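*Asks:* Below is one structure. I have some questions about it.
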Amino acid sequence: MTMSNKGPRDDRWYLNIMAPNTKGKKFAWLDPTSIYINAQAFNDLQDDLLEDLSDVEFDVVAGLDAMGFVLGAALATRRGVGFLPIRKAGKLCVETDKVSFGNYSGRTQDMEMRLPAFAPGTRVLLVDQWVETGGTMDGSVRLVERQGGVIAGMVAVAIEENERTNKYRSLYPCISAVMLGSRWQRECNSQTLSSFAHYKPEAAFPQSRR
């Protein structure tokens, strides 16, 4: 079954098909990948984000390991710019720069970016699937700025509201499908969605093309 977006563009219907966490606290509290597997949902998500990015100039999109690769590469392709992966440590086979950061589960991790990746002054758009504590974004900002890059903005399916993310919003354009002031934002801040009560995995199933 494929859902259709019959309401106004800002209804963000596809947020309803996101899956709740069923594996415990060491995982993120929900899974937006059901949006990606549904063609209409994924395209509507990109349409919304790109519309809100219409006034943001950037030269390259940097996707954060790992799920930021999916959304970041898609947005880069749609805007006709290059894509740069920012990876967990030990994954790149070229010279890298490395930083440590604390993730949403409280663990310290290392992430790397190829060295060099771009010329000084390059405008880099950072893309991740979800911004909760902002630790991964912080590490990515440091990596980009250490190579002389300029943070053009931040993009995610959702950016929760807290002290660190509020600071990001004061410094950069921050674009998310979950809009500030919406009931989606309030629910994301509390880390539970009303749609979880009637969540059905089959709502996201791709249609057969046979």
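*Asks:* Considering each of Gly139, Gly121 in turn, give the residue that is in a helix (DSSP H, G or I), among the small types (Gly, Ala, Ser), closer than 25 Å to Lys98 by Cβ and in contact with a strand residue (DSSP E or B) (Cβ under 9 Å, 6 or more places away or on another chain).
*Replies:* Details: Gly121 fails: in a helix (DSSP H, G or I).
Of the residues listed, the single one that is in a helix (DSSP H, G or I), among the small types (Gly, Ala, Ser), closer than 25 Å to Lys98 by Cβ and in contact with a strand residue (DSSP E or B) (Cβ under 9 Å, 6 or more places away or on another chain) is Gly139.
*Asks:* Anything in region 113-162 that is charged (D, E, K, R) and surrounded by fewer than 23 Cβ atoms within 10 Å (Cβ to Cβ)? List them, or say none. First the steps, then the outcome.
*Replies:* Step one: filter region 113-162 for residues charged (D, E, K, R), giving 114, 123, 128, 132, 138, 142, 145-146, 160-161.
Scanning region 113-162 gives Arg114, Arg123, Glu132, Asp138, Arg142, Glu145, Arg146, Glu160, Glu161.
*Asks:* Hey, another quick one. So, of the residues in region 14-37 that are farther than 11 Å from Ala204 by Cα and of a type in the set (S, T, N, Q), which turns out to be surrounded by the most Cβ atoms within 10 Å (Cβ to Cβ)?
*Replies:* Result: Asn21.
*Asks:* Name the residue that is farthest from Leu50 (Cα to Cα), counting only residues in region 93-114 that are in contact with a Leu (Cβ under 9 Å, 6 or more places away or on another chain) and hydrophobic (A, V, I, L, M, F, W, C). Walk me through it before giving the result.
*Replies:* Filtering region 93-114 down to residues in contact with a Leu (Cβ under 9 Å, 6 or more places away or on another chain) leaves 94-99, 111-114.
Those left that are additionally hydrophobic (A, V, I, L, M, F, W, C): 94, 99, 111, 113.
On the way: Val94: 32, Val99: 29, Met111: 27, Met113: 25 Å.
The residue in question is Val94.
*Asks:* Give the residue that is farthest from Lys88 (Cα to Cα), with candidates limited to residues of region 36-74 that are touching a Pro at 6+ places or on another chain (Cβ under 9 Å) and of a type outside the set (A, V, I, L, M).
*Replies:* So, considering only residues that are touching a Pro at 6+ places or on another chain (Cβ under 9 Å) and of a type outside the set (A, V, I, L, M), the one farthest from Lys88 (Cα to Cα) is Asp55.
*Asks:* Let me ask another. I'd like to know if region 189-196 contains one or more residues that are without any contact (Cβ under 8 Å) to a residue 60 or more places away in the chain and surrounded by 12 or more Cβ atoms within 10 Å (Cβ to Cβ). Explain how you work it out, then say what you get.
*Replies:* From region 189-196, those without any contact (Cβ under 8 Å) to a residue 60 or more places away in the chain are 189-190, 194; that's our starting set.
Next, only the ones that are surrounded by 12 or more Cβ atoms within 10 Å (Cβ to Cβ) stay: 189.
Yes, because at least one residue in region 189-196 is without any contact (Cβ under 8 Å) to a residue 60 or more places away in the chain and surrounded by 12 or more Cβ atoms within 10 Å (Cβ to Cβ).
*Asks:* Quick check on region 173-188: of everything there that is touching a strand residue (DSSP E or B) at 6+ places or on another chain (Cβ under 7 Å) and assigned to a loop (DSSP other than H, G, I, E, B), which residue is surrounded by the fewest Cβ atoms within 10 Å (Cβ to Cβ)? Before the answer, list the steps.
*Replies:* We begin by selecting, within region 173-188, every residue touching a strand residue (DSSP E or B) at 6+ places or on another chain (Cβ under 7 Å); these are 173-178, 188.
Then drop every residue that is not assigned to a loop (DSSP other than H, G, I, E, B), which leaves 173, 177-178.
Working: Pro173: 18, Ala177: 24, Val178: 22.
Top of the filtered list is Pro173.
*Asks:* Could you tell me which residue of region 120-167 is farthest from Arg79 (Cα to Cα), considering only residues that are among the hydroxyl-bearing types (Ser, Thr, Tyr) and at pLDDT below 95? Explain how you work it out, then say what you get.
*Replies:* First, the residues of region 120-167 that are among the hydroxyl-bearing types (Ser, Thr, Tyr): 122, 133, 136, 140, 165.
Among the residues that remain, those that are also at pLDDT below 95 are: 133, 136.
On the way: Thr133: 28, Thr136: 24 Å.
Checking each candidate, the answer is Thr133.
*Asks:* Name the residue, out of Glu95, Glu132, Glu112, that is in contact (Cβ under 8 Å) with a residue 40 or more places away in the chain and acidic (Asp, Glu). Before the answer, list the steps.
*Replies:* Working: Glu95 fails: in contact (Cβ under 8 Å) with a residue 40 or more places away in the chain; Glu112 fails: in contact (Cβ under 8 Å) with a residue 40 or more places away in the chain.
Of the residues listed, the single one that is in contact (Cβ under 8 Å) with a residue 40 or more places away in the chain and acidic (Asp, Glu) is Glu132.
*Asks:* Looking at region 145-154, can you tell me whether even one residue there is out of contact with any Gly (no Cβ under 8 Å at 6 or more places or on another chain) and part of a helix (DSSP H, G or I)? Don't jump to the end; show me each part of the working.
*Replies:* Going through region 145-154, the residues out of contact with any Gly (no Cβ under 8 Å at 6 or more places or on another chain) turn out to be 145-147, 151-154.
Then drop every residue that is not part of a helix (DSSP H, G or I), which leaves 145-146.
Checked against the condition, which is being out of contact with any Gly (no Cβ under 8 Å at 6 or more places or on another chain) and part of a helix (DSSP H, G or I), region 145-154 yields at least one hit.
*Asks:* Exactly one of these conditions fails for Ser170: (1) part of a helix (DSSP H, G or I); (2) at pLDDT 95 or above; (3) under 20 Å from Met67 (Cβ atoms). Give me its number.
*Replies:* (3) is the only condition that Ser170 fails.
*Asks:* Going by what's in this entry, would Thr77 be described as modelled with pLDDT under 95 and either within 27 Å of Cys188 (Cβ to Cβ) or part of a loop (DSSP other than H, G, I, E, B) (or both)? Walk me through it before giving the result.
*Replies:* Values: modelled with pLDDT under 95: no; either within 27 Å of Cys188 (Cβ to Cβ) or part of a loop (DSSP other than H, G, I, E, B) (or both): yes.
Against the criterion (modelled with pLDDT under 95 and either within 27 Å of Cys188 (Cβ to Cβ) or part of a loop (DSSP other than H, G, I, E, B) (or both)), Thr77 does not qualify.
*Asks:* State all residues of region 47-63 that are farther than 14 Å from Trp13 by Cβ and not in a loop (DSSP other than H, G, I, E, B); if no residue qualifies, say none. Quick ask: steps written out before the conclusion?
*Replies:* Restricting attention to region 47-63, the residues satisfying the condition of being farther than 14 Å from Trp13 by Cβ are 49-63.
Passing the criteria: Leu49, Leu50, Glu51, Asp52, Val60, Val61, Ala62, Gly63.
The values are calculated or read from the model by the stated rules, or taken from the named source; none is laboratory data. On a predicted model such as this, the values are computed, not experimentally measured, just so you know. As a convention, Cβ positions derive from the backbone with ideal geometry for all residues, glycine included, and neighbour counts pool all protein chains shown.
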